[in-house]
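The values are calculated or read from the model by the stated rules, or taken from the named source; none is laboratory data. This is a predicted model, so every value here is computed, not measured. Glycine gets a Cβ as well: all are built from the backbone with ideal geometry, and neighbour counts include every protein chain shown. Keep in mind that these areas ignore ligands, DNA and RNA; they rest on the heavy atoms of the full protein, side chains included. Shrake-Rupley method; radii C 1.70, N 1.55, O 1.52, S 1.80 Å.
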Amino acid sequence: MAQCVQSVQEFVQDSFVPMVAVLCSEEAERVTRKNNLNFAELLRPFCRLTSEGHMRDPNNQVQVVKNLRIFVNNVVTSPNRPPTALSHAQSKILNEVVLSCQPQEGVVNNVVTAGDYDLNFSATTPWFETYRENFLQSMPASDHEFLNHYLACLLVVSSTEAVPVEQFLKLSQEQHRIQHSGEYTNPKWFIPNTLKYYVLLHDMSEGDEQRADAVYEDMKQRYGSQGCYLLKMNTRSFSAEGDEQIPDPWSQYLQRNILHTQVRTASTPHFNPNGVSGSLESHPLQLDITSSSGSLHTLGAVKTELKKGARDPESLAGGAGSHGACLTLNDHDHIRQFIQEFTFRGLLPHIEKNIRQLNDQVKTLILKIWEMPPKHFCSCPEYPKTMTSSWYPPEAPELQIRKMADLCFLVQHYELAYSCYHTAKKDFLSDQAMLYAAGALEMAAVSAFLQAGAPRPYPAHYMDTAIQTYRDVCKNMVLAERCVLLNAEILKSQGKYSDAATLLIKMTSEDSDLRSALLLEQAAHCFINMRNPMVRKFAFHMILAGHRFSKAGQRRHALRCYCQAMQVYKERSWSLAEDHINFTIGRQSFTLRQPEKAVIAFRQILTNDSRQTATQQSAFLREYLYVYKVTTFTPDGLSLPQLPLPCIHCSATRVYFGHERRLAEGEKQAATHVSLDQEYDQDSADMWCHLEEQLVAAANRGIVPVNFQPTQCCLNSQTDNQRHPLAVVEEPIIVEVTFRNPLKVSLALSNLSLLWRFTADDAPPSKEKMTNELMTQKDDIVTTEVIQEFQMGPEETKMARLRLLPHRTGQLNVVGVVYNLAASSSGEMATFDVMVVHGKQDLMIQGPRLNQTKEDKMTVRHGHDQRLNFIVTSPMPLMEIFFLQFPTALLCGEIRKAYVEFCNVSSVALCGLRVVSTHPDFFSFGSQATTPLTPVSPTSAENNSAYKTLATPPQSGSAAFEMLVSAEDFSQPSGVIDIPIDGSTLQPGESTQLPLWLRGPDQEGVHEINFLFYYESTGKGNKISHRVLRHTVFICASRSLSVQASACRSCVPPHHSLGDKGGGGTLIFIDVENINMSEAGMREFHIVQVSSSSQHWRLHKCINPAKDKDCKLTSRERAKLCFRATRCKPQKGTPYRINKPYLSALFQYMIISSSTPCGDFFFRGCQTSESQRLDAPSSRTSCSSKSQSCVSTEDRSSDITNIVRKCNELDLNIIVIWKAYVVEDNKQLILEGQLHVALQTIGKEASSLTPREEAQEMVLLKFKSQLPPPVILPSAELSQLVKTSLHYPETYTHPFVQDSLCVVPVTLTLSNCSLAQVDVIIDLRHKGTSPETLEVHSSFTWVGQTQYKLQLKPQEVLCLTLQACFLQAGVYNLNTPRVFAKPAEQGAMCETSQQTASPSLIFINNA
Amino acid sequence: MAVCIAVIAKENYPLYIRSVPTQNELKFHYTVHTSLDVVEEKISAVGKSLGDQRELYLGLLYPTEDYKVYGYVTNSKVKFVIVVDSSNTSLRDNEIRSMFRKLHNSFTDVMCNPFHNPGDQIQSKAFDGIVSGMMVQTG
C-alpha cells in the first residue's frame, strides 16, 4: 500500500466524524452566496479544531478530545432506502475524482532497489487517497450504524431578515419535519432530539449591526447563550477587491464539494429547499463532466483546468467570482471562532449528555437482557439468515448500545466505545443479525486499534469476519470496501503488508473496475513495501491494476501502471509479457495523444526479437504503422521521422567506389578487380596492399612515399576507415546497406534511397549543407538511385545496393536511408488500404573499439569510421583491362600465348602502366631487348607455336647452336613489370592490345594468381596519385613431365675428352618421365629440344647410347638423355650461354630458346628459385647461430666446406622443351611447354618438380642452449677435391724368364677440381689393413719413390709417373695408391675416394 | 496433469515455457514470472535454516483462483515451475514431486549435451517429449 499523507490514526479518525446538518434561510443563503459559497462550504475549511476540547464520560472522568473534525453539510433529503452499492452517479463521481487526480509531472519518484531491479515509481498515490476520502464521505447512511447520522443541525438566518426569530422557528419546524415526519429515510438523524444551533448571520457590508446585536440578544434569551451564535462576516465590500490578497482555503475543498453536491442533487432532484446548487450549474467544470466525460479532449480540458486551479486558486473561480471575496482574514477568524464555539459549547456537551442518557438506558437494558435470555435465544432459529436494516426497531436495546458506542467513538473515547461495540457485537451475533454484527465487529476492531497504549492487540480477525459478512452474507460491497480500506491501512501501519495485499486482492471483483484497479494497485504497493520486496508480484498486480483502470476508462492511470510494471519486465527476456505490456502502453499512449510514447512502445515490440506469432506481429506492425501515420506526420518537413523497421546492421555497411563491371564481353574477359560480391579477406587484403606497395615503390624510384595508403575500392567493417575515402566525380559510389527483418511477417519497402549531405568545395563555409532529405531531387549535385520495390521476407536479412553519382567535387556524407515502409500486402489485399509511412533511418557507423592507450582500455572508446564520408575529387583516368584467349587450365610448364587489352574508358589520359603479380614467373609480356615490339596477331605465329622458331639448321643436332645473352635483358629488378605500351600513355577512349605469354606453374593444382595493374593520370596535383586494377585468375595446373637431371664426373681422362683442358668432363643424365595422370585426351609428349644455360658450363652433344632421334613419351613412359658438359672460360659480365645440344628430328625447326617466351620464363624461374634458396639458409642460420662459443670451429669448417662446395659446384640449367598431343573435342591440339632443371652440384639429383614441401618438422623447443654437435669434416665431399686416374697399358707382356722383374710405367693423373690450392700426399706403400687385401696385393710392389708430397694449384692437372714391379704373370689391381688431399693451410687430411673406386686391373702376361 | 511447465534460469529469465496450447499463453507467462517472487522467498528462507541440506522441491508456491503453482529449485538455482489446474484434485504432492524429478533428470540430460550452450533456450526433442507427457492432453 502506498504511503499516505495522513497517519493511520488520523485517517481512521477522519473517516468517522460527527456530522452536522445545515439549514439555511434564503436570505442567509444570499449572504453567503456573495462569496460564491453556500454556508456549509463556507465553514468547511475551518471544520478541524485546533484546540483541545474536554468532556466527561459517564464515570465523570475527563476525556480530552484532540484534533476533532466535524463535517458540516447541507441537508439533502431523499426517500430512498440506503443502497448496498454505490449509485451510478456516485461511482461516476468517484471515477471523475480519480481521473482528475493524476501524478504531477515533476514529482520526484523514489527508487526501490530489490535484487537486481531498480524500480522508479512514486510512493504516494494521491488518487487513491482522494478516492478513499470521497468514498468514505459518500457512504450512504444506514440503519445499523449511526456514525454518519447527523448529530446536530445548524439553523442559519440572516440578520437582514424582517423577523429573524420567525425564520428560526420556520427552520426549526422544517428540521423537525424532516426528521420525524417519516417522509424521508435520508438524511438520518442520530438522536431523536437533534441539537439545534441557531446562527444569526450578519452581513457587515449591508445590514444594521446594532439590529443584529439586538436580535442576537433576543436569541440568547430564547435559546440560551450556548445554543446560538452571531456570525458577522462580509466585512469587505465586493467592490474593494484586488487590493488585498486573501488566501483561499476553499479551493482544495471545493472541487470535491462541487462533485458531491452534484451527486446529492442528482440523486434528489425533486427537493432542493434552499436552492443549494443554483449557481453551481454555471460552473465551468460541470458542463464538461456531464456532457462528455469520456472524451479525451474534454478530459484534457478538465485536467488543465484542475491544474490551474491547484496552482492558482483565484483563477479557478475566475469566471464566477473567487471564493470568499467579501471575507477578510478577520472574518476567517470569526468563522473559526464560531465553529469552536459551536463544537465546544454546543456539540460536545450535547454528546456528553446523550452518552450519559444512553449509558443509563443501556445499564438497565443489559440487566433486562440478562433477565430474559432464554426467550431470546430460543427464538433465534426463526430469524432469517440475512438481516436487513429493518430488523431492529430504532428503540431496540442493542441499537442503543451501538448508538452509545458510536457516540463514544466520535468523541474519541475509544475504550468505552470498544467495550460497547464488543457487547453489541455479542448481542447481534446471538441474534444472528449479521449486518449489525459485522458493523459492530468492524468498529470494535477500529476502536481497539485507536486506543492509545492499547491494552489488547488489534483484533484483525474481527475485521476479517466483518468483511466476509459484509461481502458474502449481506452482499453489501460498499461496506465491505470501507472495511477493507480501513483494515488494509491498519495492517499496513503494523507492517503486515502481505496480509494487506491479500485483503486488497480479495476485495477486487467484477462489479467495479475502478475499485478493483485501485485496490490492486495498492496491493502491488504492498508487495513492493514488504521486507523482502516482491518485485514480480508488484509488477503483475500493477498490470492487473492497469487492466482494470483501462476498463474503468482511467487511461492515464492504466498507462502509468503499465509503465511501472514495464520496469520489471523490461529486457529480461520475458518477451511475451514485455510485448503485451508494450502493446498496451502503445495503445493507451495513442489514445491519450502521446504519440511519441506510443511510437516508442510499438517500436520496442517490433525491434525486439519477440516470440510472437506471425499474425500477432502483423497486427503489431499494422497498429504501429497506423499510429505512426496518424501521429508523426510532421507538416513542417524539417526532418523525417525515424523508422524502426527493418533493422539496419550499420557496421555491415559496405561501400564500393566505381562502376559495376561486366566480367565478360564476348571473347574478352575483363579484369576481375573488386566487386561487392567478394567477401573481405584480411590475408588477401594484405597481399594486395603489399603488391601495391611494390608498384608505388617502383613508380617512385624505389621509395614508398610516407603518406602511402593502399587503394581501397570496397570498404567494410574490417578495412581501415580512419580516413575519408576518396571518390571521383562522375564515378558512382555504391553503398550496400544490410537490412534485417526481425519479424515473422514480410515487409515491403519502397522508394528506397540514400540520404546524403553535400558540401561543395567552392562553397563558402557559411553556406548551408545541401541534403536530399526534403524530397526534392537534387540530381544536379548527386544523382541518387532509388530502389522502387524492396521486399523483405520474414526474418530475412537482405542487402540493398544504393548508388550515388556525384557530379561536383566536395564532401559528400551519407547520413541514412529514406524509404516508405508498409506491411507486405498478401495478394488480393486492396492496395488503397495498405498503410504506407515515409521515414528515414540513420546510418551511424561506430568505429572499432580503441585499445591503444590506457584511457582507451579503461573506458569504452570507439574510433572514427569515415566509411560514409567521402571526398569527391576531380576526374581521374579509368582503365579497363580485358584478356583474350586466357586459359583456365594448363599443364605444368606449358607455354600459352594470350592477349591483353588496355582501354582507357575515362576522359583523362593515363600513363605509367605497370603490373605486379604474386606469380611473376607465370606470365611475360616479352622482353624489349630480344623481341621486336610489333604486336603479333594470334594467327600469324609460325607453326602455330607460341615460341619463336628458326628453320632447322642443316646439320641438325650436331653442332650446338650457341648464343650469349645477358640475364638483365629478361629479368626485372623487382617483381614490378612495366607494361610496354606505345607512347606509354593511353589517350581517352584509346585502347591497345599486347601479347602475353603464360607458363603453367611447375606445381600441379589450382593456383590463384593475382595481378595488380597500376596507372596514373598524366595530369599532376590530383588527390589520388594513382589507381590500381586488380585481376585474379585461377589456373588449374596438371602434371606434364617430370625431368630429373644429375651430373657426375666422367672418368674419362681429360686428354681423351674433346681437347678441353678444364676440369674434365661431366656427364649429365636427364630422366624424363611422363607423369601426366590424366585423361584419355592426352596422347603423348615429345621432347622437342633441350637447351642448356649456364655461365660456366656448356652442354655438348647428346651421347645417348640409343641414338634415338625422337624422344616420344606416352603415359608413364620414361626416357633418358645423356649429355656431356664441359666447363668453358668465364667471360666478361658472365653472360649466359644458351645452346641447344638436342633437337628432336621430328620438328623441322628450332626454337630460339634465348628469345622471348622461352628466355623470359627461364630467367624468371631462375630468379624465383634463387630467391627461395637464399631465403632458406638464412632462416636456418638465424636460428642455429645463437651460440657464440663455437664460432671459430664453425668458421674453419665452413671454409673447407666452401672450398669443397665450390669444387663440386655446377651451375648448369637445363631447359627441356616439349610438345604434347592432346585430343580434345575430336580435335588434336598441340601444346607446348618448357621445364627447367637447375643443376647445382655434381652428384646431386635435381628435378623439375620442386619436391613437395615436407611439413616442417616439429622442433622441440629447447630453452638451454645446447652445444652444437662437433663439426664432422665432410670427408665424402673432401675426398672429391682431387680426382685421380691411373693410366697404364691394359695388358703387358713380359718375359719373366729373362727378367724376373717386370717394371711397368703407370701414370697417375691428379686433377684438382677445386678452386683452391690443395696439398696432396701420395702414399704408394701397401697398407693393407686386412689380411685379405694383403694377400692380394703382395704380389706386386711399387718401385721408386713411394711417397710424394705435392701441391696442386687450382684446377691443375698433374701427371705422375710411377713404376710398378711385378714378379710373375697375372692379373693385378693397380689401384692401391692412397691419395690424401687437403686444402692448403688446413689441418685435416683426407683420403680421396680413389681407394674405394673400382679396381684397376692389369694383365701381366708371360712372354 | 500440468497446464504449464516452465524452466527458469538462475538469472530469472525463461529457458523454457510451455503451456497447454488452447489456453492463454500470456497468462501463464505472467503467472510463472510472478511465482518467482515466492520461489526467491522460499529459497532465502530455506538457506537460513538448513544450509546445504535442502529440499529441492519447494511445494505449493501459491494458489490462484484457477491454478496451483508448484516450484522446484535445482542446486544451480535453476527453477522449475509447474502450474496445475485447481480443479484437478487428484494430484497429490507426491505426484508433483515425481514430475519435478522427472523434469530435473531430463533437464540434466539437456545440460549434458555438449552442443547445448548453457543459458540458451532449451531446444531438445527429448525434453519436449517429457514435458508433453506431463501436460494435460487436450483434444
(message) Using a Förster radius of 30 Å, what is the FRET efficiency between A:T591 and B:L26 based on their Cβ-Cβ separation? Nearest 0.05, please.
(response) 0.90
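Using only Cα atoms, figure out Rg for region A:113-244 and give it as a multiple of 2.2 N^0.38 Å. Walk me through the intermediate numbers first.
Working: Rg = 22.9 Å, N = 132, 2.2 N^0.38 = 14.1 Å.
The value comes to 1.63.
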(message) If you filter region A:386-478 for GluC sites (Glu not before Pro), then keep DSSP loop positions with at most 12 other Cβ within 10 Å, what is left?
(response) A:E395
(request) Only loop residues by DSSP count here, and only those with at most 10 other Cβ atoms within 10 Å; note down the GluC sites (Glu not before Pro) in region B:28-128 that meet that. (result) B:E65
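Take every residue in peptide A:530-537, count the Cβ atoms of other chains within 10 Å of its Cβ, and give the average of those counts.
Per-residue shielding by partner chains comes out at 5.
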(message) Distance cut-off 20 Å, Cα to Cα: go down the list A:K1244/A:K1353; A:K92/B:K27; A:K426/A:K506; A:K34/A:K170; A:K188/A:K403 and report the pairs above it.
(response) A:K1244/A:K1353; A:K92/B:K27; A:K426/A:K506; A:K34/A:K170
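How do A:581-594, A:184-197 rank on mean C-beta neighbours within 10 Å, highest first?
Ranked by mean Cβ neighbours within 10 Å, highest first: A:581-594, A:184-197.
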(request) Kindly write out, for region A:553-558 in residue order, the coupling ³J(HN,Hα) from the Karplus curve 6.51 cos²θ - 1.76 cosθ + 1.60 (θ = phi - 60°), rounded to whole Hz, with x marking Gly and Pro. (result) x, 8, 5, 4, 5, 4
(request) Report the label-to-label distance for A:Q340 and A:Q993 in nanometres (one decimal), using points 7 Å from each Cα along the Cα→Cβ vector. (result) 12.1
(request) Return P(r) of region B:2-134 (all Cα-Cα pairs; 10 Å bins starting at 0; whole %; ordered from short to long distances). (result) 12, 46, 35, 7, 0
(message) Just to check I understand the Karplus step: with θ = phi - 60° and J = 6.51 cos²θ - 1.76 cosθ + 1.60, what whole-Hz values come out for region A:782-791, glycine and proline as x?
(response) 9, 7, 10, 7, 10, 8, 5, 10, 9, 8
(message) Modelling each spin label as a point 7 Å along the Cα-to-Cβ direction, I'd like the A:R69/B:S44 distance in nm, to one decimal.
(response) 3.6
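Which pairs in the list A:K492/A:K551; A:K1283/A:K1349; A:K570/B:K102; A:K66/A:K496 are over 22 Å apart, alpha-carbon to alpha-carbon?
Numbers: A:K492/A:K551 28 Å; A:K1283/A:K1349 16 Å; A:K570/B:K102 32 Å; A:K66/A:K496 28 Å.
Among A:K492/A:K551; A:K1283/A:K1349; A:K570/B:K102; A:K66/A:K496, the Cα-Cα distance tops 22 Å for A:K492/A:K551; A:K570/B:K102; A:K66/A:K496.
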(message) Give me the Å³ per residue figure for the convex hull around the C-alpha atoms of region A:637-736.
(response) 194
(message) Amide H of A:G926 versus every other amide H placed in the peptide plane: which residues, excluding those fewer than 5 positions away on the same chain, fall under 5 Å?
(response) A:W997
(request) Quick one: which residues, 5 or more positions from A:M835 or on another chain, have an amide H under 5 Å from its amide H? H modelled 1.01 Å from N in the peptide plane, none for Pro or chain starts. (result) A:A823
(request) Describe numerically, in nm with one decimal, the distance between label points set 7 Å from Cα along Cα→Cβ at A:E395 and at A:T797. (result) 9.3
(message) Between A:H180 and A:Q1240, what is 0.36 nm times their sequence separation minus the Cα-Cα distance? Round to one decimal in nm.
(response) 367.6 nm
(message) Using a Förster radius of 30 Å, what is the FRET efficiency between A:R356 and A:E166 based on their Cβ-Cβ separation? Nearest 0.05, please.
(response) 0.30
(request) Name the long-range amide H neighbours of A:Q791: under 5 Å, sequence gap of 5 or more, or other chain; modelled H, no Pro or chain starts. (result) A:L749
(request) Enter the accessible area of A:S550 (Å², nearest 10), with the probe set to 1.4 Å and all protein chains included. (result) 40
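Between A:A889 and A:Y680, take the C-beta separation as r, use R0 = 30 Å, and let me know the FRET efficiency to the nearest 0.05.
0.60
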(request) Specify the inter-centroid distance of region A:976-1019 and region A:537-557, based on alpha-carbon positions, in whole Å. (result) 76
